[in-house]
1. Per DSSP H run of n ≥ 4, the term is -39500 (n - 2.57); total these for the chain, divide by its residue number, and report the mean residue ellipticity at 222 nm rounded to 500 deg cm²/dmol.
2. What's the Kirkwood radius of segment 52-95 in Å, using all Cα pairs?
3. What helices does the chain have that are whole DSSP H segments, at least 20 Å long along their own axis by Cα, and with mean Kyte-Doolittle hydropathy of -1.0 or more?
4. Can you tell me the length gained on complete extension of the stretch Lys337 to Lys302, counting 0.36 nm per residue apart and subtracting the Cα distance?
5. Just the Cα atoms of segment 1-146: what Rg and Dmax do they give in Å?
6. Just tell me which lysines come within less than 25 Å, Cα to Cα, of Lys335; anything on the same chain fewer than 8 places away is out.
7. Roughly speaking, what is the centre-to-centre gap between segment 59-77 and segment 87-166 when only Cα atoms are used, to the nearest Å?
8. With the convex hull built on the Cα atoms of segment 88-201, state its orientation-averaged projected area in nm².
Amino acid sequence: MGFFDFLTEEIAIDLGTANTLIIHNDKVVVDSPSIVARDRMTGKIIAVGKEASMMQGKTHENIKTIRPLKDGVIADFDASEKMINMFIKGIPALKKRFFQPTLKMVICIPSGITEVEMRAVKESAERVNGKEVYLIHEPMAAAIGIGLDIMQPKGNMIVDIGGGTTEIAVIALGGIVCDKSVKIAGDVFTNDIIYYMRTQHNLYVGETTAENIKIAIGAATEDLEIPPEEMSVQGRDLLTGKPKQVQISYREIAKALDKSILRIEDAVMETLSQTPPELAADIYNTGIYLAGGGSMLRGLDKRISQKTDLPVYIAEDPLRAVVRGTGIALKNLEKYKPILIK
């Protein structure tokens, strides 16, 4: 095997609805939006990642931007494959290679995924030269990335709020004891903001703008200790058709997101109510861990904490917790083999 080792590269992929991250040699080498732009005439992919995301909402009829993953699963097989392929080819260390190395991969998948969807991910990976492909459940990867020892007979609760799905899981002994996957996450928050701007301000804003609002002043409660400043938002006035600008505050965004956050709270409560008593006792002591981009919503940790009466911790660098965990699983394959799906 010695000689072939040198032909094999190991990569860990977090294939997310909103962002795709890849780790190679313990470094995050790809961190890009999961979006591709395709030329309608030729069918060629003209841009991926950041470049394609700048085009979103600004295209003419010859260019179409596609988000190949929806709700955490592959919706457009062809586009997702090309996207993964272009990301892998763009890894600096692999660019220098004379020929394409075979890849050993660990890829992260949502826990509520079906067999068919799982196969789609595997086939995509094999098509881009993956020889050994392992899959890992998202909450597991998040737990490892946060730094929890998931093999212990101790219960830990993870809430991973991504772009397409929110994954809630109680983990013990290297397995998921109870989990819930709800399709309310970052994308829904963004659409809530679009809808709110439309109904309350008669202002039509695009997805990119709504996403920027969410990041700049998004909040889960109306009483924040350190409130962000007001923000000016530009869009199209629905009444006059003219471009216009309005000032909005974080309180309005908290109102806009309230219903969706309620549903995430309910899912957390439901998962807690299904937790075996011994693990519930552990969780009383360890609390709840938040990961994923959605966990960065101001005041969300406090809100979940008030609802559950448990301490809530946000992972450091929550956007990368999952891919970090996937990378650790890849490095210690022998230790984590039991929890990976071959």
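The values are calculated or read from the model by the stated rules, or taken from the named source; none is laboratory data. All figures in this text were calculated on a predicted structure; none of them were measured in a lab. Reconstructed Cβ throughout: ideal geometry from the backbone, glycine too, with neighbour counts over all protein chains shown. Each accessible area value is taken on the protein alone, full model and side chains, heavy atoms only, with ligands, DNA and RNA left out. Shrake-Rupley method; radii C 1.70, N 1.55, O 1.52, S 1.80 Å.
1. -11500 deg cm²/dmol
2. Computed over segment 52-95, the radius equals 11.9 Å.
3. Those that pass (Cα extent of 20 Å or more, hydropathy at least -1.0) are 186-201, 250-273.
4. 9.0 nm
5. 15.5, 52
6. Result set, ordered by chain and number: Lys27, Lys104, Lys122, Lys131, Lys154.
7. Value for the Cα centre distance between the two parts: 20 Å.
8. Value for segment 88-201: 10.5 nm².
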